[in-house]
Structure formats: structure tokens, C-alpha cells
Amino acid sequence: MALKIQKSFNEEEQLWVLVLEGEVDLHTAGILKKAVNEMLEEKKGSIRIMGDQLEYIDSTGLSVFIGTLKQLQKENLNILVRNLKPSIKKLLNITGLDKILVVEN
Amino acid sequence: MALKIQKSFNEEEQLWVLVLEGEVDLHTAGILKKAVNEMLEEKKGSIRIMGDQLEYIDSTGLSVFIGTLKQLQKENLNILVRNLKPSIKKLLNITGLDKILVVEN
Amino acid sequence: MNHEINREMIELSIPHRSEYVSMIRLTVTAIASSMGFDIEDIEDIKVALSEACSNAIMHGGCSAEENFVVQFIREQKRLTISVSDFGKGYSVQTLQDPKLEELNEGGLGIFIIRSLMDDVKIKTGSSQGTSITMIKNLREEA
Amino acid sequence: MNHEINREMIELSIPHRSEYVSMIRLTVTAIASSMGFDIEDIEDIKVALSEACSNAIMHGGCSAEENFVVQFIREQKRLTISVSDFGKGYSVQTLQDPKLEELNEGGLGIFIIRSLMDDVKIKTGSSQGTSITMIKNLREEA
Ligand SMILES: Nc1ncnc2c1ncn2[C@@H]1O[C@H](COP(=O)(O)OP(=O)(O)O)[C@@H](O)[C@H]1O
Ligand SMILES: Nc1ncnc2c1ncn2[C@@H]1O[C@H](COP(=O)(O)OP(=O)(O)O)[C@@H](O)[C@H]1O
């Protein structure tokens, strides 16, 4: 399974919505990084990640989040995550990343 | 993926309907054989195999069909197959089994 | 995925147990689809490989503690798969085409492999083990 | 599926390429689920194994033509997985726990493996290659 990415800017909330579908691993993390960088070049804003269809992520994907957070925090922006699977929540918890980005539910 | 089997006797057409779901291979062919034998012990009758959800079969499964045909033909009964995937039809064609059992569509 | 590969080898060593045949199908599906084989070819490859593995497990005469080996060689335009067991072997000369009209339940496996794959070679012999090598070529785009 | 197994070994040899990590996850999912691990444990195992494979691929320093080896040892009550590369190795002593508050992008992999698996051992050293062995125990039924 590969990774599909949908991005759109939510004008109302003034943030990027990023729908991730599939698996983020060593093979696909580069695609995620590229998509995020393009978004932030187009327009600076917080990013909400929709995790409903995110089946898998590991440290190679979390590193992309961390790198992005570093950029965003300078401008007081953040990453928000929504509807993550329990296994992925567990990973954020283990690494402490859930204390740095915003887990919306 | 394993194999799930549903069997029921269709009184109107006086035949067994066998719904196969999943994969018939070396590991699961024994379950199929057992199910068929139990059916025919309960009541002799032709067997219609519903292939809508049969994802995979190979010679270990075809051998069960052939062994069953041997029993059925003695009583002028047969095996009918319906809604098979193209790859499975191809296999019946290669082996010539499509000329011995009844392919309903 | 489209970088140039000259030749890559993937090898799987598996116990002589029927439970593992479906896992081997998962593996070859992943390999073949990433090479660009279409659904029909992938199904052909899955069946042929399963037949070879079933033979190793059923006929090799090895115990479940012993392993057999599946090797995949991935080249630009073809996939070569070998299944090798270290079991009792057999005599290829005695193989006959299946006679389905007589409703023989056995003898279909190697016939099916030869029908579905582009090239098949068998190396076997009494107590030498058996190695069957089969090739599927990627079809040229129309 | 419930026959008695004392100890079975499955081995996979794979090129140093990121494309194969998802295939390795398929393999371990099949093994772990047939052993009776629950969904949560299977996810833990998938992540830990992927981390180890990513490290072999990223840090081993091997070319894509070389292979690394994943070995699964399946016992009644536990699964032992080793990932071994024949690359440049490293010094485990210098490993530090990740400092996420400093937003370091690296150094999470081994920390995650240790968090998710029941027992982890690393054998490595300059130009000796690296072998990481991790164990997950089947939980007793409640
Ligand atoms: N790996 C093997 N080891 C030993 N004998 C084998 C092996 N593969 C095939 N054979 C022999 O060849 C015969 C034909 O095999 P095959 O065409 O697959 O049909 P089947 O498995 O249904 O008998 C088998 O019955 C067996 O005697
Ligand atoms: N298989 C390996 N071969 C060589 N070095 C390795 C290997 N695995 C880990 N390392 C070293 O250990 C460090 C920490 O690994 P890890 O915790 O997985 O984090 P990361 O991969 O993000 O750096 C790596 O940066 C690397 O220097």
C-alpha cells in the first residue's frame, strides 16, 4: 500500500487540511515532506492532519512532523491531528509528540 | 486469508448451494473436502458453487472438485459453478475442467 | 518506484507447512505488482508459485522443522522464481500430462505451472531435492 | 492452525531498498496473526520491525544490490525477530534517548523499538554490521 495525500486550505479556520491515506514509512515519507513543503511555500498556516485513513506511520513519518513543527513554531503555528488510529496515538504518546502537537480527539 | 464455507440445500432446484469465500489452497482444501463430504452424506445432490467471493483456488482445490465429480457422476449428478473470477475461469479452461463440470456463466 | 534496477534478489526460507503458502502469495503479489505486472499476470504467478510450494510441502518428504527456499530474481523485464527443497526428489521422465477425463485427482500442478509461466525448468533426482525455476516476462505496453 | 509447534524459523533476505519495508510488514503481519497476537501487538511488531529495517537501509551504508536478512523465530509463546545487515555498524554506547523538546528529527527509531517490544538486544560494531534482535511475548489469555 502506498500513500495518498489530499491537501486543501480551509479559509474559515485559516489552516491547511491534510488527508493522509495509506502508509507513511521510509519509502513514502519523502512524498509527505514534499507535499508539506509545497503547502507552506504557497501559504504559511497551521496544518490539521486527518488520520481516518492513515493506516500506518513510523519514525520516518514522525520526523517529517517534527521538522515541520520546527518551521511552524517560529510563526506560532502548529500541527493538529484528528481521528488517529489507536496504534498511532500510542506512538505519539510513547515519543511524547502528543505533548508538542495538538491531538484534537 | 482463510476459507469460509456456507452450505444450504435449495429445495426448489434440489441441489446444494455452496458459497466459498476466501482462498482454497493446500492449507484450506481439507476443510472444503470435509464440508462437501458432510453435505453428500446428509443428502445426495448436485452442487452449485457460488464463486463471487472465491478469491483464489489452485490444483489442491480443483482436486477436491474432481474427487467430488467422481462420486456425483455415478448418480448422474454434477457440479455447477457460477460467478467465478476470470483468473479462476482461466484455470478451469487450462485444465479442461470446464468441459466436465457445468460453468453457468 | 521507477528507478533502474539491474537485478535484485529476494529470498525466503520457509518451513514445510501448508499454512505458509498464503504468506508466500502475499510476498509475490507485492513483488510482482511493484514490477508492473497486471492483475492477470499476478494471478498466474500466484497460482504457479503456490503449486510449486505445495509440491515441496506435500511431496518433498521433509519434516515441518525443515525449510525450503523460494528465490525471486527481479530484472527489468522479467521475474524469475525458484522453489527449492532438499527432499527426496523424483523422476521428471515419469511425469505425464493429466488425464482429466479419467477424473484423476492428482498430476495437475506441474501442468498448470507450465501453462501459466513463460519458461519452466525442473532440476530433481532421487534424494537430490527438487528445484523448479519459472519465469514470467513483463508484457510490452501496447 | 493449532498444532504444536516447538520452534519454526522463517528467513527473508531483501535488498537495501525502502520499497521493500511494506512487504516485510505484510510478512510479519501474516506470521504474528497466525500465532494469535492481537491487533495492538501486531501493530507494535510492525512498527518495531519497520524501524529496524529502515535503519538497516538508511544507516547500514550498503548498496541497493546488497541484501540484509530478517529472521523470524516462532515459538509457542513468543516471536523473536532479528534484522541483520552487513554494513558499517555503529557504537551503541553513543545512543541517547531522544530529546523531543529540542525538536530533533532523528534518534527515535531504537527508542520506539525498545518501547514496543518486550526484549531488545543490539549487536554491532565498527564494520561488523548490525544485528538487532527483538522479542514479543504472547499475552496470557485473561
Ligand atoms: N518437490 C517435489 N518433490 C518430490 N516429488 C515431487 C515434487 N514435485 C512434484 N513431485 C512429483 O511429481 C508428481 C506430479 O506433481 P504435480 O504435477 O504437481 O501433481 P500432484 O502434486 O497433484 O501429484 C507428484 O505426484 C510427485 O510425485
Ligand atoms: N543498522 C545500522 N547500521 C548503522 N548505524 C545504525 C544502524 N541502526 C542505527 N544506527 C545508528 O544509530 C542511530 C540511532 O538510530 P535510531 O534510533 O533508529 O534513529 P534515526 O534512525 O532516526 O537516526 C542512527 O542515527 C545511526 O547512526
Relative contact order (%) - chain B, alpha-carbon pairs under 8 angstrom, separation at least six: 25 percent
Dipole in debye (nearest 20) - chain B, about Cα centre, beta carbon charges: Lys, Arg +1; Asp, Glu -1: 280 debye
In region A:9-44, trypsin sites (Lys or Arg not before Pro) in a DSSP loop with at most 11 other beta-carbon atoms within 10 Å: A:43
Point-charge dipole on Cβ atoms (K/R +1, D/E -1) for the protein assembly as shown, about Cα centre, debye to 20: 600 debye
Stretch gain in nm, segment residue C:78-residue C:64, where the contour uses 0.36 nm per residue and the Cα spacing is subtracted: 1.9 nm
Lysine pairs within chain D, Cα separation less than 13 Å, 8 or more sequence positions apart or different chains: 4
On Cα atoms only, tilt of D:39-59 relative to the major axis of chain D in degrees: 30 degrees
Exercise: per-residue mean of other protein chain Cβ atoms within 10 Å, C:44-50: 4
Between region D:7-64 and region C:1-53, the alpha-carbon center distance in angstrom: 16 Å
FRET efficiency, residue D:104 to residue A:98 (Cβ-Cβ, R0 25 Å, nearest 0.05): 0.90
Calculated FRET efficiency for the pair residue D:118/residue D:92, C-beta based, R₀ 22 Å, to 0.05: 0.70
Prolate/oblate/rounded label for region C:7-137 (Cα gyration tensor, a/c 1.5): oblate
Residue with peak Gaussian network fluctuation, chain A [Cα springs, cutoff 10 Å], from A:51, A:67, A:22: A:67
Cβ-vector label at 7 Å, residue A:70, separations to other copies in nm: 7.0
Spin-label pair residue D:7/residue B:44, simplified geometry with 7 Å Cα→Cβ offset, distance in nm: 5.4 nm
Positive dipole terminus of region B:3-104, leading residue within B:57, B:92, B:46 (C-beta point charges): B:92
Burial order of peptide ranges C:83-93, D:19-29 (average beta-carbon count within 10 Å, highest first): D:19-29, C:83-93
Inter-copy separations for residue C:103, label at 7 Å along Cα-Cβ, nm, ascending: 7.5
Antiparallel DSSP beta bridges within the protein assembly as shown, as percent of all bridges there, nearest 5: 75 percent
Residue mean of other protein chain beta carbons inside 10 Å, D:19-29: 6
Cα-centre dipole for region C:8-142 with unit charges at Cβ (Lys and Arg positive, Asp and Glu negative), debye to 20: 360 debye
Farthest positive-ward along the protein assembly as shown dipole, Cα basis, beta-carbon charges - from D:91, C:83, D:15: D:91
Shape call, the protein assembly as shown: gyration tensor on alpha carbons, a/c limit 1.5: prolate
Inter-centroid distance (Cα atoms) of region A:1-22 relative to region A:26-69, Å: 9 Å
Across the identical copies, how the residue C:40 labels are spaced - nm, sorted shortest first, 7 Å along Cα→Cβ: 4.8
Partner chain coverage, peptide D:102-111 - average Cβ within 10 angstrom: 5
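Values quoted throughout were computed directly from the atomic coordinates according to the rules given, and no laboratory measurement underlies them. Quick caveat, the model's predicted, so the values are computed rather than measured. Glycine also receives a Cβ, built like all others from the backbone with ideal geometry; neighbour counts cover every protein chain displayed.
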